[in-house]
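What follows is a set of notes on a single structure, which appears directly below.
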Amino acid sequence: MERFDAAVAIPGAWSRWRAQRGVRFALSVLALVISSAIFAPFLASARPYTLLAVDRGAYETSLAELEPLLRNWNARLLDAAAAKAALRDDDPRSVHAAWETHAALLREVRAVELRLSTLRRYASSERAAQVPLDALDLRLRGWTDKVHAGELDDLGPASEVVASAAALRNSHRPRDGSSDGMRLRERRSFPLLADLSFCEWLAALAWLAALPAFALRARARGWIALGVLAVLLASLCAAAFRAPSGLSTREVKLGVATGAIELASAWYPPIPFGPDETRMSEAARPPTWASAAEIDERGGYVRGPRAAQSTLELVPSARPVAVLPAEPSLNSPVRHLLGTDALGRDVLARVLWGGRASLAVGLLSASGVLFLGVLVGALAGYLRGAFDAFARALIAILQSFPPFFLMVTAAAIGAERAASASLQPLAWVTLVIVAVGWTGIARLVRAEALRVRELDYVRAVRALGYSQGRIFFRHVLPNVLTPALAAAAFVAISALLAESSVSFLGFGVRLPDPSWGALLQEARAGSLAWLIAAPGLSILVTCLALAWLGDAARDALDPRESR
Amino acid sequence: MRTLLLRSLRACATLLGLVAIAFVLLRLAPGDPAQLRFASDDAVDSGAAAEALVRFRSEHLLDRPLHVQFLHYLGPFDLSPAGHRLLGGSGSQPWGGLLAGDFGREYLRPDVEIAPEVLRRLSVTLPLALLSALLAYALALPLGVWQGLRRSSAFDRWSRALTLLAYCAPVFWVALLLQELLGPSGLDWLPILGLRSRTAPSGGWGDLAAHAVLPIVCLSYASIATISRQMRAATAEIASSDFVLAARARGVRERAVIWRHIVRNALVPATTMVGQVLPWLVGGSVIVETVFEIPGMGKYALESLQRREYDAVAACVIVTGVMTLAGLRLSDVLQSRLDPRVRDGAV
Amino acid sequence: MALPWASSCSPSEPATESSPPRTSGNAALDATAPDRFRPDFDPRRDALPAPRRGGKVVIHVEALPRQLNYLLDNSGVTRRILQELHGTLLERDLFTGVHRPLLADSWVVEDTLVLRDERRLYGELVEQGERWLVVPRSTPSHELSAAVEVPKADVARIERGTVYTFRLRSGIHWHDGAPLRPEDFLLTWRLARIPQVRCDEKRFEFEHIVHAEKLDERSLRFFYDRQYFGAAAVFGALTPLPTHIYDLRAPQHPNARPEATDEELARYVNEHPANRNWIGVGPYRLVEFSDEYVEAERVDMGWPSQDGGWFDSIRWRLITDDALAYRALCAGEIDFTTRLLSDDFFRANSDREFTSRAYVGHFYTPRASYIGWNLRRPQLADARVRTALALATDWDGLVQSFYRGLAQRVTAEWFDGGLDYDRELAPLPFDVERARALLAEAGWYDRDGDGFVDRDGKPLSIEILTQAGSRAGEVFLQRYQETLAQAGVRLDIGAVAWPVLIERVREREFDGVYKVWVVPIQSDPAQRWHSREVGTGSANETSFSAPDVDRLIDVSASELDDARRGAMCRELQRRLYAEQAYNYGVKVPHRFGASLRLRNVRVGPVDPGFRVREWYFVD
């Protein structure tokens, strides 16, 4: 086979690959795993998709905070006026002070506006209710405009505005049971969707777009698949590496439970628990379909070995177990399908979310390894000379470390430094896996490139005087991809395993974010069987699917093997 | 002679690169060892003398530029204030550094020299790793050949599925499961802790063997999968190659075909893995020794990482690096012995 | 000395005191009873079997000591091991904390009378009208052979309890056969004064011993520079070091070099092989220090039988992972651990593998978890903010779930059984609403609608450091993150390696730090709260400083009367609790598991909470 044309060979291999036994099944397993990672926020979250309710708590807080915030505003206004008066163009300090006071003023404006908009949102739509709010808003806006325009002298008496806010407090007091007050109206909101980041949307949409693409023609499909994969990877990683918001995700459920939110209707995800939603009274509970998990309202176990514990006088009457709205009842078999961890967090939710981190690191570092390995290997093999010598020396040095050993060392050492440089630990782990792992691929590809550059057709195009870049990218690079493609799935497996091992040793994700390896590390401390099973099985299944696909790809790309 | 010289030069350069990478990596780490030295293990904390801190830093050259630290580390001259006369030291301690066989002392236990400590730990890790490698090869080679010769048979399919499973199962998970299942809280078949039980202070090979079973299984199963898969592919490729067909056509006996033609040739790629298996096992020992509480080098390396014992971590990295290089050399030698193109002259 | 905490000896545990005896264990018994957690044994009914010598006991340690020289390594593990390998002048009773002589035979405390011309007289001071009567109590070689009278006009000041004269027990020998001599105690003190000796954790203990002298072959005397309530504890903890091994300048040393400089001596001590191959005076002699364990065997070096130990040998076995300690106990690999995980502790009684071999129990020593705030951070400088942060802490939830009721809230970091602890002071409740209100009062509102309160354009965002791998810390902080978020405060969890944590706390580059503070049973708050300890690297990590607190600390330190000092300390406690520079957490239990073969296991509040040398096997 003198001339190996990637454009012909790879699609051929593609169809051979698809035809092999188990490939479709493995593909669908992998698709399922990736979907569950991408759609984790839609599957397991404490926030409802939609909510039709009166947020009475927010309304009351806004009402209460309006007056002090107005006072603040007033004070900042005076500051701004004073700064303006002291402003001299030739004095940078005074300019700076004026700028500062102005920014402070704008922050207060925003604070008051937020309160007013909450009030408007829930206050009755009657004129009597809305007009004073509009009036107040208008008045404040007028003031701000004057400040902007620099007319600080005729602002009028501030106490009047503050007094009007105090009056609002009386007139807009919400109706409480039988007492008279303002009747609030229900409004619709989308707490879960509003909390999703751009990257999460992008990942979900790209994935949805990818599915119909499989129906297209082979050639177009390949490109679309590649493009979608790139977008998917990028956004999944961005989503997984995003700094944790640190927000309490169960405020809606809690609000409904305490009566701060008066609910008309709500639509929750199938698993109404967030990955970091703690439930101390249900800590370390076995899977709820097991009979040993049955508990009473005090959190005491009814049967099984744990029932003996709850009779110990040492345990004081625990707080009643809270069953928040939308959650399955206390002893429903589907309440915690995989049990809970030491903080009472739902293990299923954590495994789903943990897949995001693990898959993001695994897939991204696999792509990084492939990219770097192919690039360096092909360049070294094609260019020879100094670059080749350098690459070979580097590969020799890097390969003389036990890879996992080097990885753990680098991950451990860099993690804190990375964190202080506001790099997510996971991103650092990814970098480390790429930096340590690219040499294997590079060696394979370099050997292939050495062979290809001496082939007749490459010599021919070189004799034709084509530029180096064109020869490299058009003729050499596509033809050295084969070994890299054959190894791709196994690169992904080792990246996944490396990430989980590093996390297991405690150098991975940042608390409380889950990843499969980190979940196993937590499980190790508690020696609870249900904590060990699920994350390990997830890793195993994902890797198995990948390995199956990789075996099939290897067979398909090697014509001698296929039969 | 020239090639030999060239080779050893190249090996030296690789070693130097290895040491440099290890050194830079560890010096870039956060957490100042001088501070660490003056921290107690308990939460009980007291004021540390700033003067002692400064002295410690200057003794260990922590206040000097990185390249000076590297040269000091590499040796054979000691660059510290007490170092060699030629380099401006007081001369009380002229030699030091790696080239003088000195890996330094631990910061926290100044009476512990790192080089003998690492060697001691290695005397636990290395036998375990070698046993695991032996086990892996002893099981994987016949398995791979068998699979390769009986491709698509039921045996092939099932054993391949099994090796695939082994290839994919994360070692720490398997170790945890085995501990749960076979340990005292499960079936109570095997000890899961350390290498010795309390009742066997010395001797007692049976006790040692029982303790070593689970760690060796955990260390070796992934290698078994990898090697057997490699062996299967190689056997299959050679079994269907032209020269085997030709040999069969010539009427060579089937047994001879299998042993002389197929197995011998299929062993070539397997020998290239000799150099890689050892580093995998040493890397794996970090996890296995941690989970099974075995005081080997892997555990030492991890603990040193956690305690910020830079010099100890560097020593472990360098020692394993040297072992890896040796493994690679060994596989080169083996390969040139086995490669029929070298031995037979022509095929 | 009155025993301030003797009256409330069981460390306040209402749940067990009022409950009827449980089916398993006898926790309701008198806390000092031996084997009170043992399921089949009731000391009121049954008699302890007679002690027998013999056997090897294996005790779990979570880390091996760096070395066994107490001066150089002050870690808890070292202390626990040295308790059997070594001795101190005095020892505290396990339950009452009262000093009793150990290496000392007897001791005499005298006062100092400083004359106007700076001359010092010491002896017992008796006030007689316009005169002080100085009565010499200790012998030999006392400056005063008879009592003298000094007119009050000549007296500049008096310092009580500042001169300690110890008489050593006779017949004690080092493990290598050399006799124990007064020089050995003086060596510890002298080494601690050499800055190059790596004993920064111990040095401050000795800084007020101004003078020490040997009187004869069995007596020595120390002079303390001021009247100080904790002076006895300093001498009580004083460990001897073998002069013939460590003191390069002493004539007893085989290679004595009298001209050696301090620096040479320090280096010699720092790197001496005996730091690992310890030679002590205790009833047990070190025989092996490996990577897995430390082993010691009983020797007869002159100890009376009740202190001489019953086991033939003791092994301290390293098991880093506490979950494995439980299994090791099941398998009979170890006989005693104090580090059972909560889950293991509570499942133990229903696990036949476990109950056939061992039983569980718990005790408390003075150690409490807390979050220390860095008061130099502008957002944490306001006590209202700190109080709000404390109100948003679900300590009670942690007690109920993670500790399952075995931990108790505390309001100070020191021992909660003494006179210096105000047990009436109620800890702050878990109240997110009040926290939000307090934050608003301090000017923190959610101005930009992101869910977190802010002021001056900066959100209230804090990072709390904890040791990576510390289970309690990680569990607590993850829960705290959620409750703080409900209060509108953003929390980042900084799980970092211990050395990094120490460094960042030293450099004051932290917002908050979660730690468990282990304090001696009688502790001096000066280190933590006095303004002279403010500054990078010193122990007042919060940088707290208040003149009235300083005054209270100073006055109480020199107060020798326990009742009066207790009252001052309680006032200090209330004052500090109102400041909330620490978010005080819970008193952390030691959950222990012990083999059924062990007898006479007593657990009490004085560190480390048990005495291995009292135990024995009967089979």
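The values are calculated or read from the model by the stated rules, or taken from the named source; none is laboratory data. The structure presented is a predicted model; accordingly, all values stated were derived computationally and were not measured. In this analysis, Cβ positions are derived from the backbone assuming ideal geometry, glycine residues included, and neighbour counts consider all displayed protein chains. These accessible areas exclude ligands, DNA and RNA; they are computed on the full protein's heavy atoms, side chains included. Shrake-Rupley method; radii C 1.70, N 1.55, O 1.52, S 1.80 Å.
Could you check the stretch B:239-249 and list, in sequence order, the residues that are in contact (Cβ under 8 Å) with a residue 24 or more places away in the chain and either closer than 18 Å to A:S501 by Cα or open to solvent by 30 Å² or more (accessible area, probe 1.4 Å) (or both)? Step through it out loud before you land on a result.
Filtering the stretch B:239-249 down to residues in contact (Cβ under 8 Å) with a residue 24 or more places away in the chain leaves B:239, B:243.
B:F243 - this is the single residue of the stretch B:239-249 that is in contact (Cβ under 8 Å) with a residue 24 or more places away in the chain and either closer than 18 Å to A:S501 by Cα or open to solvent by 30 Å² or more (accessible area, probe 1.4 Å) (or both).
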Failed condition for C:E541, given (1) without any contact (Cβ under 8 Å) to a residue 24 or more places away in the chain; (2) crowded, with 20+ Cβ neighbours inside 10 Å; (3) not hydrophobic (A, V, I, L, M, F, W, C):
(1)
Would you mention how many residues in the stretch B:189-225 are at the interface with chain A (Cβ under 10 Å from one of its Cβ atoms) and open to solvent by 30 Å² or more (accessible area, probe 1.4 Å)?
1
Select, from A:V347, A:V374, the only residue that is over 29 Å from B:I318 (Cα atoms) and of a type in the set (A, V, I, L, M).
A:V347
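If we keep just the residues of the stretch C:509-535 that are touching a Lys or Arg at 6+ places or on another chain (Cβ under 6 Å) and open to solvent by 10 Å² or more (accessible area, probe 1.4 Å), which is nearest to C:G76 (Cα to Cα)?
The initial filter retains those residues of the stretch C:509-535 that are touching a Lys or Arg at 6+ places or on another chain (Cβ under 6 Å), namely C:510-511, C:516, C:518.
After this cut, where a residue has to be open to solvent by 10 Å² or more (accessible area, probe 1.4 Å) as well, the list is C:511, C:516, C:518.
On the way: C:D511: 27, C:V516: 13, C:V518: 9 Å.
Once the filter is applied, the top-ranked residue is C:V518.
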Just to be sure I understand, how many residues within the stretch C:359-388 are touching a helix residue (DSSP H, G or I) at 6+ places or on another chain (Cβ under 7 Å), touching a residue at least 60 places away in the same chain (Cβ under 8 Å) and not in a strand (DSSP E or B)?
8
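Counting residues that are polar (S, T, N, Q) and within 14 Å of another protein chain (Cβ to nearest Cβ), which helices (runs of 4 or more DSSP H) fully inside the stretch A:399-487 reach at least 1?
Filter on the stretch A:399-487 gives A:403-420, A:425-453.
Please state which one of C:L238, C:L215, C:L191 is in contact with a Leu (Cβ under 8 Å, 6 or more places away or on another chain), of a type in the set (A, V, I, L, M, F, W, C) and over 27 Å from C:G566 (Cα atoms).
Details: C:L238 fails: over 27 Å from C:G566 (Cα atoms); C:L215 fails: in contact with a Leu (Cβ under 8 Å, 6 or more places away or on another chain).
Criteria check complete, one pass: C:L191.
Could you check how many residues of the stretch C:481-495 are touching a Leu at 6+ places or on another chain (Cβ under 6 Å) and either within 25 Å of C:N540 (Cα to Cα) or assigned to a helix (DSSP H, G or I) (or both)? Walk me through it before giving the result.
Taking the stretch C:481-495 and keeping what is touching a Leu at 6+ places or on another chain (Cβ under 6 Å), we get C:481, C:484-485, C:489, C:491, C:493-495.
Going one step further and asking which of them are either within 25 Å of C:N540 (Cα to Cα) or assigned to a helix (DSSP H, G or I) (or both), we end up with C:481, C:484-485, C:491, C:493-495.
Residues that pass the stated criteria total 7.
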Collect the residues in the stretch C:54-93 that are open to solvent by less than 20 Å² (accessible area, probe 1.4 Å), in contact with a helix residue (DSSP H, G or I) (Cβ under 7 Å, 6 or more places away or on another chain), assigned to a loop (DSSP other than H, G, I, E, B) and more than 13 Å from chain B (Cβ to nearest Cβ), keeping them in residue-number order.
C:L89
Could you tell me how many of the residues in the stretch A:59-98 are touching a residue at least 24 places away in the same chain (Cβ under 8 Å) and farther than 30 Å from C:R436 by Cβ?
3
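Do any helices (runs of 4 or more DSSP H) entirely within the stretch B:23-122 hold 3 or more residues that are more than 14 Å from every other protein chain (Cβ to nearest Cβ) and modelled with pLDDT of 80 or more, and if so, which?
On the way: elements: B:33-37, B:50-59, B:66-74.
Hits in the stretch B:23-122: B:66-74.
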Where the second residue is open to solvent by 50 Å² or more (accessible area, probe 1.4 Å) and in a helix (DSSP H, G or I) and the first is without any contact (Cβ under 8 Å) to a residue 24 or more places away in the chain and aliphatic (A, V, I, L, M) and lies in the stretch A:122-135, which pairs have Cβ atoms under 6 Å and are six or more apart or on separate chains?
none
Exception for A:I532 within (1) within 26 Å of B:E303 (Cβ to Cβ); (2) within 8 Å of chain B (Cβ to nearest Cβ); (3) buried (at least 23 other Cβ atoms within 10 Å of the Cβ) falls at (3)
For the stretch C:241-268, enumerate the residues that are under 27 Å from the mean Cα position of the chain (by Cα) and modelled with pLDDT under 90.
C:A266
Unique residue being within 23 Å of the chain's Cα centre (by Cα) and either of a type outside the set (S, T, N, Q) or open to solvent by 10 Å² or more (accessible area, probe 1.4 Å) (or both) when the list is C:E433, C:E353, C:E413
C:E413
In the stretch B:158-188, anything more than 7 Å from every other protein chain (Cβ to nearest Cβ), open to solvent by less than 50 Å² (accessible area, probe 1.4 Å) and either over 24 Å from the mean Cα position of the chain (by Cα) or of a type outside the set (G, A, S) (or both) is listed as B:S159, B:A161, B:T163, B:V171, B:V174, B:L178, B:Q179, B:L182, B:G186
When A:P478 is run through (1) open to solvent by 10 Å² or more (accessible area, probe 1.4 Å); (2) closer than 26 Å to A:D346 by Cβ, the failure sits at (2)
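Given the criterion modelled with pLDDT under 75, touching a strand residue (DSSP E or B) at 6+ places or on another chain (Cβ under 7 Å), facing chain C (nearest Cβ under 9 Å) and open to solvent by less than 50 Å² (accessible area, probe 1.4 Å), identify the matching residue among A:A283, A:A307, A:A318.
On the way: A:A283 fails: modelled with pLDDT under 75; A:A318 fails: touching a strand residue (DSSP E or B) at 6+ places or on another chain (Cβ under 7 Å).
Answer to the check: A:A307.
For the stretch C:534-554, give me each residue that is within 14 Å of chain B (Cβ to nearest Cβ) and touching a helix residue (DSSP H, G or I) at 6+ places or on another chain (Cβ under 6 Å).
Pass one, the stretch C:534-554, residues within 14 Å of chain B (Cβ to nearest Cβ): C:534-543.
Selection gives C:G537, C:A539, C:N540, C:E541.
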Filter the stretch B:333-345 for residues that are open to solvent by less than 80 Å² (accessible area, probe 1.4 Å) and at pLDDT below 80; which is farthest from B:A234 (Cα to Cα)?
B:G345
What number goes with the only condition from (1) within 24 Å of C:F345 (Cβ to Cβ); (2) within 14 Å of another protein chain (Cβ to nearest Cβ); (3) open to solvent by 10 Å² or more (accessible area, probe 1.4 Å); (4) touching a strand residue (DSSP E or B) at 6+ places or on another chain (Cβ under 7 Å) that C:P608 does not pass?
(4)
Name the single residue that is least open to solvent (accessible area, probe 1.4 Å) among those in the stretch C:284-341 being under 24 Å from the mean Cα position of the chain (by Cα) and among the polar types (S, T, N, Q).
C:T337
